[in-house]
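Q: Dropping a structure here in structure tokens format, bear with me for questions.
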Ligand code: SF4
Ligand code: SF4
């Protein structure tokens, strides 16, 4: 998974990336940083079946999108390049870049104003564009659970961002760290600095099996309510949800921790 840009046009109430977006304010992966990643990957002899170009926010707002995708594909370090986007800036994809994209997944939120253009792209690049209708947005946990491990993880690593590799986690680990009161950059077991053989310390059985999973949005063992995208429950609905999920006191604290509530 590769995180290329911190900006997003949306501000979804339950964005599972918001903690990481705040930690990397204004982030744009530079071409130099991308080239370092490619060089380290080649020196290590790694080859990835798929690289997901993903966020942290909206990948089509990455200012080097067209150059970067071409560099990545031509480097020969991945079989497939999959881009996941909200589709609002699909006109930023140059015609020649489609040659280097294997799949474009578009999450069609209700504010998607260019559905016509996306439909046209899907017709023109048959088999490459998936228009995905919105499903309910999973809310975030507001407390630490005790007995959820090991868990299936909805958003596992390894994840490359700027000059670091998070070995086992994707962006939701940032919110889990905030909820636990941990400074993520002091947690040296979570990431390594980018260098050749950066996956030496990767252990598959740690995915879904670290302490932070107990309060992470991506932990599928935590039963969290879902709301339609864009729906912000009233404080009464939110209080009822906290009561139902037995987390009333933690829920009240989360009004301050996650100001969107
Ligand atoms: S579109 Fe995605 S990245 Fe942007 S705010 Fe919504 S959930 Fe977060
Ligand atoms: S903390 Fe656990 S559940 Fe969350 S992203 Fe990391 S491995 Fe997945």
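Laboratory data are not the source of any read-out in this text; all were calculated from the coordinates shown. Keep in mind that what you see is a predicted model, and the values were worked out from it rather than measured. Counting neighbours? That spans all protein chains shown, and the Cβs are built from the backbone with ideal geometry, glycine included.
Q: Given the conditions (1) under 21 Å from the mean Cα position of the chain (by Cα); (2) not in a loop (DSSP other than H, G, I, E, B), report the number of the one that residue 121 does not fulfil.
A: Every condition holds for residue 121 apart from (1).
Q: Test residue 226 against the stated conditions and say whether it is within 19 Å of the chain's Cα centre (by Cα) and surrounded by fewer than 22 Cβ atoms within 10 Å (Cβ to Cβ).
A: Working: within 19 Å of the chain's Cα centre (by Cα): yes; surrounded by fewer than 22 Cβ atoms within 10 Å (Cβ to Cβ): yes.
Spelling it out, residue 226 is indeed within 19 Å of the chain's Cα centre (by Cα) and surrounded by fewer than 22 Cβ atoms within 10 Å (Cβ to Cβ).
Q: Which of the strands (runs of 3 or more DSSP E) contained wholly in the stretch 124-238 include at least 1 residues that are more than 16 Å from ligand 2 (Cβ to nearest atom)? Give the steps one after another, and end with the answer.
A: Working: elements: 129-132, 159-161, 164-166, 191-193.
In the stretch 124-238, 129-132, 191-193 are the strands (runs of 3 or more DSSP E) which contain 1 or more residues that are more than 16 Å from ligand 2 (Cβ to nearest atom).
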